[in-house]
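> Here it is, the structure in full.
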């Protein structure tokens, strides 16, 4: 909606802008100190360790990969600007936590438990499993106490951040002005002077090609590459060796058969006399009195329940259906309502039942008893479930042994393969710094390109590349980084320089035509059909700088011609008319206010962090970051 205030930024600028905001939950935890007591930063005496920094860098790389997609380049994170931005964000996170604690904010045990139980990595069959929780943390060299302490800090930081992000202010007058500007339309005709007509005029000498090659050698570097053999351990890999006999399946059915069937469901109808949150005692008494009046009518004539619901119920969704709520199981309704329904008999009408929504009069319409399916119909489902569970148990049993085997027999994967009855596989060529994908996570690639693997010819450690998936690898072939010779790339360089020269010629002609038009001349310009443009909705192929020029044009003197240089030439736009947007209604104003408040909240947050940094004792040692790598 607010594209008109945005500018096209270079890739690094995009990354820097995103990193300004703090890390997501579970992001940064000071669990260990850096080597030799040296740390990249300290905030009011609290250290940010090298591991904190590496964890933060890894998290930001993951975020950028999701945001940028194919445009993601891991090498961007080697720049001093990005390293500093990540460290600055960690410093801001520490300050948030410190200020939150000083303000008396707390993260309750209930909050911690709710978040942890909802993390998929800690679950077995969709349910939190304490043993799995402990195992996962142990694999990351972390105890539950350490993890939960870090989680508490993350929650506090998030609470502090939200206090700013949710409290921006936008006045209606200012909002209306922005709506008018954003939705104003301008009728324009556009002409594009592209490179196509200038390619034949663009000449590039051999000397220019050689000069470009010499000055941009890094552009032609083939990154370091390896081929590896690898061994994977996961429950899926173990399934083939897992069997479940009939007795086991029958035993599971005996213990859990009801869970495989359909639980009891009840159909109820109700009449709701609503009660607003924070209602005064007088309002509560009035609502109860009205509910008692309706209840008296229902008991006097039970057959009139549906009609009375249509006339009196303030649950508009069910009132039109005579109060009918359909069938539902336990856990679907608020507790007082559910408690009443599941103690009633079919056809029974309750007394007044109070919930957070008001007073209910309930009629139980029907009961569908719980149904347990016959064993034969769920045998296959039970067998598959038990096989998966056995495979997971086997994985948990083998995980530590597998890790020990690839470490202790560091010159081969055969011993580990025999242990897990697995197959050693071979990779294709893997490039250093390439985007991670599939098994080849950043962590695994980093281990593969380490000196321990490349120079010492040892196995990598067993690295968790996904939940319940460990991979160990060792080197087969290695190609060092190399520069492609000029003979291989000169054609591509020549085409690139020729295109650049053609763009320059197109820009030169475009500027000349713009100057002539501004003087009232009539150069030969191929204008496109008039179209109405707005800041809020611009065509995807319209250059944002051209749109800005269009809306900066003097509307008091039309037609008005503007022009901008583009990557593929030059664009001219002739503004012919101005059209105001539709009338501003409440819904539209609220939508804009919400976005403006969010933006102002972000600015408030940034200002708060900057002020906090000015008043804090912060020490930074950027030299430690030059060799830091996400693990």
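> Give me a count of the residues in segment 180-215 that are in a helix (DSSP H, G or I) and under 17 Å from residue 525 (Cβ atoms).
Residues in segment 180-215 being in a helix (DSSP H, G or I) and under 17 Å from residue 525 (Cβ atoms): 3 in total.
For (1) surrounded by fewer than 14 Cβ atoms within 10 Å (Cβ to Cβ); (2) touching a strand residue (DSSP E or B) at 6+ places or on another chain (Cβ under 8 Å); (3) in contact (Cβ under 8 Å) with a residue 24 or more places away in the chain; (4) part of a loop (DSSP other than H, G, I, E, B), each residue gets a yes or a no:
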| residue | (1), (2), (3), (4) |
| --- | --- |
| 529 | yes, yes, yes, yes |
| 539 | yes, yes, no, yes |
| 546 | no, yes, yes, no |
| 575 | no, yes, yes, no |
| 590 | yes, no, no, no |
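> Identify, by number, the condition in (1) within 39 Å of the chain's Cα centre (by Cα); (2) outside the structural domain of residue 439 (by TED's automatic domain parsing) that residue 200 doesn't meet.
Against the list (1) within 39 Å of the chain's Cα centre (by Cα); (2) outside the structural domain of residue 439 (by TED's automatic domain parsing), residue 200 comes up short only on (1).
> When you scan segment 40-155 for helices (runs of 4 or more DSSP H) that lie fully inside it, which ones turn up with 3 or more residues that are under 22 Å from the mean Cα position of the chain (by Cα), surrounded by 15 or more Cβ atoms within 10 Å (Cβ to Cβ) and touching a residue at least 40 places away in the same chain (Cβ under 8 Å)?
50-68, 80-102
> Looking at residue 285 and the list (1) assigned to a helix (DSSP H, G or I); (2) at pLDDT 95 or above, which single condition is not satisfied?
Here residue 285 meets the rest and fails (2).
> Here is a further query. Restricting attention to segment 160-179, which residues are buried (at least 18 other Cβ atoms within 10 Å of the Cβ) and part of a loop (DSSP other than H, G, I, E, B)?
Of everything in segment 160-179, those that are buried (at least 18 other Cβ atoms within 10 Å of the Cβ) and part of a loop (DSSP other than H, G, I, E, B) turn out to be 168, 170.
> While we're on this one: Can you tell me which residue within segment 315-357, out of those that are within 37 Å of the chain's Cα centre (by Cα) and assigned to a strand (DSSP E or B), is nearest to residue 295 (Cα to Cα)?
For segment 315-357, the residue satisfying everything is 355.
> Another question, then. Would you confirm whether any residue within segment 260-271 is in contact with a helix residue (DSSP H, G or I) (Cβ under 9 Å, 6 or more places away or on another chain) and free of Cβ contacts under 8 Å to residues at least 12 places away in the same chain?
No: zero hits.
> For residue 278, all conditions in the list (1) over 21 Å from residue 366 (Cβ atoms); (2) assigned to a helix (DSSP H, G or I); (3) out of contact with any strand residue (DSSP E or B) (no Cβ under 9 Å at 6 or more places or on another chain) hold save one; what is the number of the exception?
Only one criterion is unmet by residue 278, namely (2).
> Tell me, yes or no, whether segment 551-561 has at least one residue that is over 30 Å from residue 497 (Cβ atoms), assigned to a helix (DSSP H, G or I) and more than 31 Å from the chain's Cα centre (by Cα).
Looking through segment 551-561, at least one residue is over 30 Å from residue 497 (Cβ atoms), assigned to a helix (DSSP H, G or I) and more than 31 Å from the chain's Cα centre (by Cα).
> Can you name the number of the only condition in (1) farther than 21 Å from residue 201 by Cβ; (2) surrounded by 18 or more Cβ atoms within 10 Å (Cβ to Cβ); (3) out of contact with any strand residue (DSSP E or B) (no Cβ under 6 Å at 6 or more places or on another chain) that residue 448 fails?
Just one mismatch for residue 448, condition (3).
> Quickly run through segment 479-521 and pick out the residues that are outside any helix (DSSP H, G or I) and touching a residue at least 40 places away in the same chain (Cβ under 8 Å).
Once the filter is applied, which keeps residues that are outside any helix (DSSP H, G or I) and touching a residue at least 40 places away in the same chain (Cβ under 8 Å), segment 479-521 yields 479, 480, 481, 482, 483, 484.
> Suppose we filter segment 129-161 for residues that are closer than 30 Å to residue 104 by Cβ and touching a helix residue (DSSP H, G or I) at 6+ places or on another chain (Cβ under 9 Å); how many remain?
Counting residues in segment 129-161 that are closer than 30 Å to residue 104 by Cβ and touching a helix residue (DSSP H, G or I) at 6+ places or on another chain (Cβ under 9 Å) gives 19.
> Continuing with the same structure: Is it the case that residue 491 is surrounded by fewer than 19 Cβ atoms within 10 Å (Cβ to Cβ) and under 30 Å from residue 132 (Cα atoms)?
In short, no.
> Being touching a helix residue (DSSP H, G or I) at 6+ places or on another chain (Cβ under 6 Å) and either over 30 Å from residue 260 (Cβ atoms) or without any contact (Cβ under 8 Å) to a residue 12 or more places away in the chain (or both) is the requirement here; does residue 363 meet it?
When the stated conditions are applied, residue 363 passes them.
> Same structure, new question: Would segment 573-584 turn up any residue that is touching a helix residue (DSSP H, G or I) at 6+ places or on another chain (Cβ under 7 Å), at pLDDT 85 or above and within 30 Å of residue 503 (Cα to Cα)?
Yes, segment 573-584 has at least one match.
> Can I ask one more? Just one of (1) in a helix (DSSP H, G or I); (2) surrounded by 18 or more Cβ atoms within 10 Å (Cβ to Cβ) trips up residue 407, so point out which.
(2)
> State whether one or more residues within segment 294-305 are in the same structural domain as residue 269 (by TED's automatic domain parsing) and in a strand (DSSP E or B).
No.
> Out of curiosity, is residue 433 surrounded by 13 or more Cβ atoms within 10 Å (Cβ to Cβ), in contact (Cβ under 8 Å) with a residue 12 or more places away in the chain and touching a strand residue (DSSP E or B) at 6+ places or on another chain (Cβ under 8 Å)?
no
> Which ones in segment 436-473 are touching a helix residue (DSSP H, G or I) at 6+ places or on another chain (Cβ under 8 Å), without any contact (Cβ under 8 Å) to a residue 60 or more places away in the chain and part of a loop (DSSP other than H, G, I, E, B)?
458, 459, 460, 461
> For residue 476, are the conditions met, namely being loosely packed, with under 14 Cβ neighbours inside 10 Å, part of a strand (DSSP E or B) and in contact with a strand residue (DSSP E or B) (Cβ under 7 Å, 6 or more places away or on another chain)?
yes
> Turning to a different aspect of this structure: If residue 565 satisfies all but one of (1) surrounded by fewer than 19 Cβ atoms within 10 Å (Cβ to Cβ); (2) under 30 Å from residue 221 (Cβ atoms); (3) touching a residue at least 40 places away in the same chain (Cβ under 8 Å), what's the number of the condition it fails?
(2)
> Right, here's the next one. Filter segment 410-430 for residues that are in a loop (DSSP other than H, G, I, E, B), touching a residue at least 60 places away in the same chain (Cβ under 8 Å) and either surrounded by 13 or more Cβ atoms within 10 Å (Cβ to Cβ) or in the same structural domain as residue 123 (by TED's automatic domain parsing) (or both) and give the result.
Residues satisfying the conditions are 412, 413, 422, 424, 427.
> Look at segment 223-263 and say how many of its residues are within 35 Å of the chain's Cα centre (by Cα) and at pLDDT 90 or above.
Adding up the residues that qualify gives 17.
The values are calculated or read from the model by the stated rules, or taken from the named source; none is laboratory data. Note that the structure is predicted; figures quoted are calculated from it, not measured. All Cβ positions, glycine included, derive from the backbone under ideal geometry; neighbour counts span all protein chains shown.
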